[in-house]
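Enquirer: My questions will all concern the structure given below.
The values are calculated or read from the model by the stated rules, or taken from the named source; none is laboratory data. Only a predicted model underlies this, so the values are computations on that prediction, with no experimental measurement involved. Cβ: placed from backbone, ideal geometry, glycine included. Neighbour counts: every protein chain shown. For accessibility, only protein heavy atoms count, side chains too; no ligands or nucleic acids. Shrake-Rupley method; radii C 1.70, N 1.55, O 1.52, S 1.80 Å.
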Amino acid sequence: MADPAIALEDVHLTLGSGAGRVHILKGITLDIEPGASVGIVGPSGSGKSTLLMVLGGLERADRGSVQVAGQELTGLNEDALARFRGRSVGIVFQSFHLIPTMTALENVAVPLELAGQADAFARAKRELDAVGLADRAGHYPSELSGGEQQRVAIARALAPEPALLLADEPTGNLDADTGTPIVDLMFEASRARGMTLVIVTHDPELARRCGRTIRMRAGEIDDGGLRVATAEAL
Ligand code: ADP
Ligand code: MG
């Protein structure tokens, strides 16, 4: 088998300060192969979003090893982490996170420009075309529907050709008719580009479309008692 796109070993993370400190991730060990599609499910508050942030280099593990796209993230400083994010990871959020004062085209192009891409606007235009928004390039987010805004966010995430696309409840703010074609776009991009796809979702239908499902419970991977059963068998 190819090296895993993602390899986590005993990852712990505590966030907050003082009395508000919460031990969120409690020993996550996980391998994901390149090009795989993985759904992360589990109750609200179980640590799904936090795990995604660790995978995307937006939160740093307190303990354990985090390898993503061939990089060990735990020792990287802020600059190196930012470079890793810009090069290797695309992220799509439930609430789109577009910049309201920029057009659709600018929203997609600006991260490419910041990364020093010479043909940023041409590339952004191609990505907008690919998500079916060729005729909306000059529109501001407030002039677009929720589904259209999420298409822009997907184009922006895909434009740097990341090895890994992370999506946190990408259809959470969309109705089913709008959400399904949005999800189709992500799976198509994963197949066409050999890109690894990790989606946090409450939607059982979406989870079923993933090659594999990981269930979180209270900061741990819920293996249905497998670990205990294995320990007893040894
Ligand atoms: P999920 O996405 O599964 O709903 P989260 O990863 O968002 O769960 O959160 C897991 C737990 O960590 C929750 O109890 C949440 O309140 C807590 N939490 C998340 N972020 C922070 C933070 N920055 N500071 C303190 N607690 C946090
Ligand atoms: Mg969440």
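Enquirer: Among the acidic types (D, E), out of contact with any Lys or Arg (no Cβ under 8 Å at 6 or more places or on another chain) and away from ligand 2 (no atom under 16 Å from the Cβ): is that true of E59 in this structure? Step through it out loud before you land on a result.
Expert: Numbers: among the acidic types (D, E): yes; out of contact with any Lys or Arg (no Cβ under 8 Å at 6 or more places or on another chain): yes; away from ligand 2 (no atom under 16 Å from the Cβ): no.
Taking the combined requirement at face value, the residue does not satisfy it.
Enquirer: Another question, then. What pairs can you find where one residue is in the stretch 198-218 and closer than 18 Å to N173 by Cα, the other is open to solvent by 90 Å² or more (accessible area, probe 1.4 Å) and not in a helix (DSSP H, G or I), and their Cβ atoms are less than 9 Å apart, with a gap of 6+ or different chains?
Expert: From residues that are closer than 18 Å to N173 by Cα, the pairs are H202/S44.
Enquirer: From the list S49, S44, which one is within 19 Å of the chain's Cα centre (by Cα), open to solvent by 30 Å² or more (accessible area, probe 1.4 Å), closer than 25 Å to R193 by Cα and within 16 Å of ligand 2 (Cβ to nearest atom)? Spell out the reasoning first.
Expert: Numbers: S44 fails: closer than 25 Å to R193 by Cα.
Unique residue meeting the criteria: S49.
Enquirer: Which number in (1) surrounded by fewer than 18 Cβ atoms within 10 Å (Cβ to Cβ); (2) under 18 Å from I199 (Cβ atoms) marks the one condition that A82 misses?
Expert: The failed condition is (2).
Enquirer: In addition: Those residues that are at positive phi and within 16 Å of ligand 2 (Cβ to nearest atom), I need them from the stretch 15-41; list them, please. Lay out the reasoning, then the answer.
Expert: Within the stretch 15-41, the subset at positive phi is 16, 18, 27, 35.
Within the stretch 15-41, G16 is the sole residue that qualifies.
Enquirer: I'm trying to understand the selection: among the residues of the stretch 8-26, which are open to solvent by 20 Å² or more (accessible area, probe 1.4 Å) and in contact (Cβ under 8 Å) with a residue 40 or more places away in the chain? Please lay out each step first, then the result.
Expert: Step one: list which residues in the stretch 8-26 are open to solvent by 20 Å² or more (accessible area, probe 1.4 Å), which gives 9-10, 12, 14-24, 26.
Scanning the stretch 8-26 gives E9, D10, H12, T14, L15, H23, I24, K26.
Enquirer: Does S65 satisfy the condition of being within 16 Å of ligand 1 (Cβ to nearest atom) and either among the polar types (S, T, N, Q) or at pLDDT below 95 (or both)? Let's see the steps before the verdict.
Expert: Details: within 16 Å of ligand 1 (Cβ to nearest atom): no; either among the polar types (S, T, N, Q) or at pLDDT below 95 (or both): yes.
Spelling it out, it is not the case that S65 is within 16 Å of ligand 1 (Cβ to nearest atom) and either among the polar types (S, T, N, Q) or at pLDDT below 95 (or both).
Enquirer: Select the strands (runs of 3 or more DSSP E) contained entirely in the stretch 110-228, then report the ones holding at least 1 residues which are open to solvent by 50 Å² or more (accessible area, probe 1.4 Å) and either at pLDDT 95 or above or within 16 Å of ligand 2 (Cβ to nearest atom) (or both).
Expert: Numbers: elements: 164-168, 196-200, 212-217.
Result: 212-217.
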